[in-house]
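Peer 1: Have a look at the structure that comes next, please.
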Amino acid sequence: MSRQLIVAGNWKMNTNLKEGIKLAKGVSKKTKPSDPLVIMAAPATHLHAVAEVVKDIPGIQVAAQNCSQELSGAYTGEISVGMIKAIGAKYVILGHSERRQYFKEGNALLAKKVKTVLDNSLLPIFCCGEPLAVRKAGNHARHVSKQLREGLFHLSKKDFAKVVIAYEPIWAIGTGVTASPEQAQEMHDKIRKMIVRKYGDKIADNTTILYGGSVKPANAKVLFSQPDVDGGLVGGASLKADDFVKIIKAR
Ligand code: PEP
């Protein structure tokens with residue numbers, strides 16, 4: 001797949017069903033085919049309804065925020081790729097730092113989830129990024145490299161070509177502290193070079209790498225205009241239709 005400009009909204013555990021539908025409708029009304037691809041990662045309970053809202057709009061897709069690595073069975077509380085696919089969602093966010101931190105999802109588990117998603121014709125948005133202490137110690141590139149090597153680089157070229165990567169420095173998520181455009185570009189460039197070494201120039205050049213971490217209407221344009229930043233994964237600002245639409249239209 002080729003490199004694509006994407007603005008994805010991660011609603012996390014926010015909105016009830018009615019609010020979620022209103023938000024999806026508010027965003028849908030204002031997007032145009034010429035905008036970047038819009039992805040809405042709604043809570044699992046809203047996925048079907050949100051997918052119905054956007055089903056005839058080609059530039060908008062729906063994502064789950066997580067899935068099980070298992071296909072079915074006695075896994076109380078889990079959601080399978082089959083369930084996600086059946087309601088019309090196309091993407092699954094995997095490895096968000098909140099899943100890594102609060103639910104102890106490590107690279108080995110994420111490697112299995114990524115494979116399950118791809119084997120079942122869904123597309124992963126794979127999150128990576130370092131905590132503040134790692135950034136301060138200057139080890140951020142090494143940290144992200146390990147996340148990619150252990151979580152993604154087991155994939156075949158054909159499968160890897162379908163992956164969207166989201167670089168989300170943990171110190172910037174939900175904190176209001178955004179990475180500077182230079183910091184974002186530097187890491188995105190390093191990530192692309194890691195992909196070159198593993199999969200070659202063509203695949204690396206075609207990989208979509210999103211930036212996430214306090215993206216707002218006021219900073220989206222400068223972040224998205226960096227040569228290796230192909231859009232954003234947006235948390236807080238995706239919960240207000242007007243703000244999210246401004247971010248979608250930022251570049
Ligand atoms: C996120 O959760 O992926 C995120 C980037 O959140 P925020 O935009 O609120 O920092």
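The values are calculated or read from the model by the stated rules, or taken from the named source; none is laboratory data. It should be emphasised that the depicted structure is a prediction, and the values quoted were computed from it without experimental measurement. Quick reminder, even Gly has a Cβ in these numbers, built from the backbone with ideal geometry, and neighbours come from all protein chains shown. These accessible areas exclude ligands, DNA and RNA; they are computed on the full protein's heavy atoms, side chains included. Shrake-Rupley method; radii C 1.70, N 1.55, O 1.52, S 1.80 Å.
Peer 1: What does the extension gain come out to for Asn139 and Lys30, with contour length at 0.36 nm per residue minus their alpha carbon separation?
Peer 2: Length gained between Asn139 and Lys30: 35.1 nm.
Peer 1: Can you give me the % of accessible surface on the chain that is carbon or sulfur? Probe 1.4 Å, all protein chains present, nothing else counted.
Peer 2: That fraction is 55 percent.
Peer 1: Output the peptides 221-232, 100-111 sorted from most to least packed, where packing is the average of other Cβ atoms within 10 Å over each peptide's residues.
Peer 2: Ranked by mean Cβ neighbours within 10 Å, highest first: 221-232, 100-111.
Peer 1: In what sequence, highest mean first, do 129-135, 234-240, 61-67, 28-34 appear when ranked by Cβ atoms within 10 angstrom?
Peer 2: For the peptides 129-135, 234-240, 61-67, 28-34, the packing ranking is 61-67, 234-240, 129-135, 28-34.
Peer 1: A further question on this structure: Quote the charge dipole size of the chain about the Cα centre in Debye, to the nearest 20; the model charges only the Cβ of Lys and Arg (+1) and of Asp and Glu (-1).
Peer 2: 200
Peer 1: Same structure again: Filter Lys112/Lys198; Lys30/Lys157; Lys158/Lys246 down to the pairs with a C-alpha to C-alpha distance above 28 Å, please.
Peer 2: Lys30/Lys157; Lys158/Lys246
Peer 1: Evaluate E = 1/(1 + (r/R0)^6) for Lys162 and Lys221, where r is the Cβ-Cβ distance and R0 equals 25 Å; express this FRET efficiency to the nearest 0.05.
Peer 2: 0.35
Peer 1: Sticking with this one: Tell me the label-point distance for the pair Gln4, Lys90, using the 7 Å Cα-to-Cβ offset, in nm and rounded to one decimal.
Peer 2: 0.4
Peer 1: Express the accessible area of segment 1-84 per residue in Å², computed with a 1.4 Å probe while the remaining protein chains stay in the model.
Peer 2: 53
Peer 1: Starting from the Cα of Lys193, move 7 Å in the Cα-to-Cβ direction to define the label point; list residues of segment 163-183 whose amide nitrogen is under 20 Å from there.
Peer 2: 165-169, 180-183
Peer 1: Can you tell me the length gained on complete extension of the stretch Asp56 to Asn14, counting 0.36 nm per residue apart and subtracting the Cα distance?
Peer 2: So the chain would gain 12.6 nm between Asp56 and Asn14.
Peer 1: Right, something else. Helix-only estimate, please: 222 nm mean residue ellipticity of the chain, summing -39500 (n - 2.57) across DSSP H runs of length 4 or more and dividing by its residues, to the nearest 500.
Peer 2: -12000 deg cm²/dmol
Peer 1: Can you compute log10 of I(q)/I(0) for the chain with the Debye formula, treating each Cα as one identical point scatterer, at q = 0.08, 0.13, 0.17 Å⁻¹?
Peer 2: -0.27, -0.75, -1.36
Peer 1: Right, another one. Cβ neighbours within 10 Å, averaged per peptide: list 205-212, 166-173, 17-24 in order, most packed at the top.
Peer 2: Going by the mean number of other Cβ atoms within 10 Å, highest first, we get 166-173, 205-212, 17-24.
Peer 1: Phe153 versus Glu186, label points 7 Å from Cα toward the beta carbon: distance in nm?
Peer 2: 2.1
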